[in-house]
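Participant: My questions all concern the structure below.
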Amino acid sequence: MAEPVKVLIIGSGPAGYTAAIYAARAGLKPVLYTGPQPGGQLTTTNDVENFPGYPDGINGTAMMVDLQKQAERFGTEIHFSVVTGVDFSKYPLKVTIDEKDEVLAESVIISTGATAKYLGLPSEQHYYNKGVSACAVCDGYFYRGKEVAVVGAGDSAAEEATYLAKLCTKVHLIVRREEMRASKIMQNRVLNTPNIEVHWNTETEEILGDDNGVHSIRVVNNKTGEKKTIALQGFFLAIGHKPNTDIFKDYIEMDETGYIKTLPGCTKTNVEGVFAVGDAADKIYRQAITAAGTGCMGALDAEKFLAAKEAMAVAH
């Protein structure tokens, strides 16, 4: 078997590519496996306007191609393959690619991201980026002065609704039950915001639109069966994210929802030599810029880990 890879990066969003740029510049010859969605969640975003350095905004896919080129420029080896399994029980760390090839690594940086949860309506996918979004902070700006809906009942739904209420004329909060799961303080904030209307016991039946995008939604009251159509231009999902971390669960400590736990102030996991960055370990911020920041941290942590190992080997 070939020499172990010094730094193996799993995933290719802002976190993975930033980790690759830093590791490559440190002469660590990183190898990156893009996963099933090269570029990650940002490739589903038309316009990224909140990433520093792009005064006119940038297309999400174009931005990820820029990051990929930058990583390659410094010598990152990029494979458009999927890591399908890992064995972190012994060292060097073992990673399985496309269910057949095995690669050994001295350090691994996990940057597999997270996937937004959807209701499962075909119209959601049809109008994605044409009025349907899973991130109010990313896309709310495009709906200034318009009417929108938020689906969800937890803290993130309450946060997104109050955030959008500052930008939009009206926010319809669609809540499936007769109460919210959000913390009391967040519920109070929602109920005391005059331009948020809460629709209790309500589910979205269909998102309606035309060539220009979303123009309304059809909802149904699950107690009375009554249906109604609400005119609006934006439909925001806030029913949670699922971190793409299932293949690590036998080895890596996670919280109850699958987000990887890292030691405070760094990207180290419970397994020596394995670091977690980006949305796979971040359920709070979930922004491209914070993901990139932790990608940098992961590469520096891996570099420090490898240097210490090398020093110990020399000492012995």
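The values are calculated or read from the model by the stated rules, or taken from the named source; none is laboratory data. No experiment lies behind these values; they were computed from the predicted model shown. Note: ideal-geometry Cβ built from the backbone for every residue, glycine included; neighbour counts use all protein chains shown.
Participant: I'm trying to understand the selection: among the residues of segment 28-68, which are of a type in the set (D, E, K, R), part of a loop (DSSP other than H, G, I, E, B) and more than 21 Å from Tyr143 (Cβ to Cβ)? Talk me through it step by step, then tell me what you get.
Facilitator: Looking only at segment 28-68, we keep the residues that are of a type in the set (D, E, K, R), and these are 29, 47, 49, 56, 66.
Next, only the ones that are part of a loop (DSSP other than H, G, I, E, B) stay: 29, 49, 56.
Listed by number, the list holds a single entry, Lys29.
Participant: Exactly one condition in (1) surrounded by fewer than 18 Cβ atoms within 10 Å (Cβ to Cβ); (2) in contact (Cβ under 8 Å) with a residue 40 or more places away in the chain; (3) among the hydrophobic types (A, V, I, L, M, F, W, C); (4) out of contact with any strand residue (DSSP E or B) (no Cβ under 8 Å at 6 or more places or on another chain) is false for Ala62; which is it?
Facilitator: Only one criterion in (1) surrounded by fewer than 18 Cβ atoms within 10 Å (Cβ to Cβ); (2) in contact (Cβ under 8 Å) with a residue 40 or more places away in the chain; (3) among the hydrophobic types (A, V, I, L, M, F, W, C); (4) out of contact with any strand residue (DSSP E or B) (no Cβ under 8 Å at 6 or more places or on another chain) is unmet by Ala62, namely (2).
Residues are listed down the side, and each one gets a yes or a no for (1) closer than 20 Å to Ala299 by Cα; (2) modelled with pLDDT under 95; (3) under 21 Å from the mean Cα position of the chain (by Cα); (4) in the same structural domain as Ile252 (by TED's automatic domain parsing):
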residue: Gln68; (1), (2), (3), (4): yes, no, yes, yes
residue: Glu72; (1), (2), (3), (4): yes, no, no, yes
residue: Glu77; (1), (2), (3), (4): yes, no, no, yes
residue: Ser89; (1), (2), (3), (4): no, no, no, yes
residue: Ile97; (1), (2), (3), (4): no, no, no, yes
residue: Val103; (1), (2), (3), (4): yes, no, no, yes
residue: Glu106; (1), (2), (3), (4): yes, no, no, yes
residue: Pro122; (1), (2), (3), (4): no, yes, no, no
residue: Val132; (1), (2), (3), (4): no, no, yes, no
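Participant: Just wondering, is there one or more residues in segment 175-186 that are part of a strand (DSSP E or B) and either buried (at least 22 other Cβ atoms within 10 Å of the Cβ) or not charged (D, E, K, R) (or both)?
Facilitator: To start, the set of residues in segment 175-186 that are part of a strand (DSSP E or B) comprises none.
No, the conditions are met nowhere in segment 175-186.
Participant: Looking at this structure, is Gln70 of a type in the set (S, T, N, Q) and free of Cβ contacts under 8 Å to residues at least 12 places away in the same chain?
Facilitator: Here the answer is no, as Gln70 does not meet what is asked.
Participant: Related question: Give me a count of the residues in segment 1-20 that are surrounded by fewer than 24 Cβ atoms within 10 Å (Cβ to Cβ) and part of a strand (DSSP E or B). Reasoning before the result, please.
Facilitator: The initial filter retains those residues of segment 1-20 that are surrounded by fewer than 24 Cβ atoms within 10 Å (Cβ to Cβ), namely 1-6.
With the extra rule that they be part of a strand (DSSP E or B), the set shrinks to 5-6.
Matching residues across segment 1-20 total 2.
Participant: Same structure again: Which residue, of Pro52, Pro92, Pro30, Pro38, is exposed (fewer than 14 other Cβ atoms within 10 Å of the Cβ) and not acidic (Asp, Glu)?
Facilitator: On the way: Pro92 fails: exposed (fewer than 14 other Cβ atoms within 10 Å of the Cβ); Pro30 fails: exposed (fewer than 14 other Cβ atoms within 10 Å of the Cβ); Pro38 fails: exposed (fewer than 14 other Cβ atoms within 10 Å of the Cβ).
So the residue among Pro52, Pro92, Pro30, Pro38 that is exposed (fewer than 14 other Cβ atoms within 10 Å of the Cβ) and not acidic (Asp, Glu) is Pro52.
Participant: Can you name the strands (runs of 3 or more DSSP E) wholly within segment 209-269 that have at least 2 residues being touching a helix residue (DSSP H, G or I) at 6+ places or on another chain (Cβ under 8 Å) and at pLDDT 95 or above? Give the derivation first.
Facilitator: Details: elements: 213-221, 227-231, 234-237, 241-243.
The qualifying strands (runs of 3 or more DSSP E) are 234-237.
Participant: Taking the stated definitions as given, is Ser123 of a type in the set (Gly, Ala, Ser) and surrounded by 16 or more Cβ atoms within 10 Å (Cβ to Cβ)?
Facilitator: Working: of a type in the set (Gly, Ala, Ser): yes; surrounded by 16 or more Cβ atoms within 10 Å (Cβ to Cβ): yes.
So Ser123 fits the description; yes.
Participant: For the list (1) over 25 Å from Gly40 (Cα atoms); (2) of a type in the set (A, V, I, L, M); (3) not in a helix (DSSP H, G or I); (4) not assigned by TED's automatic domain parsing to the domain that holds Asp155, I need the number of the one condition that Ala307 fails.
Facilitator: In the conditions (1) over 25 Å from Gly40 (Cα atoms); (2) of a type in the set (A, V, I, L, M); (3) not in a helix (DSSP H, G or I); (4) not assigned by TED's automatic domain parsing to the domain that holds Asp155, Ala307 misses (3) alone.
Participant: Also, quick follow-up: Going by the conditions given, is Arg189 closer than 22 Å to Ala158 by Cβ, over 25 Å from the mean Cα position of the chain (by Cα), outside any strand (DSSP E or B) and charged (D, E, K, R)? Talk me through it step by step, then tell me what you get.
Facilitator: Working: closer than 22 Å to Ala158 by Cβ: yes; over 25 Å from the mean Cα position of the chain (by Cα): yes; outside any strand (DSSP E or B): yes; charged (D, E, K, R): yes.
Spelling it out, Arg189 is indeed closer than 22 Å to Ala158 by Cβ, over 25 Å from the mean Cα position of the chain (by Cα), outside any strand (DSSP E or B) and charged (D, E, K, R).
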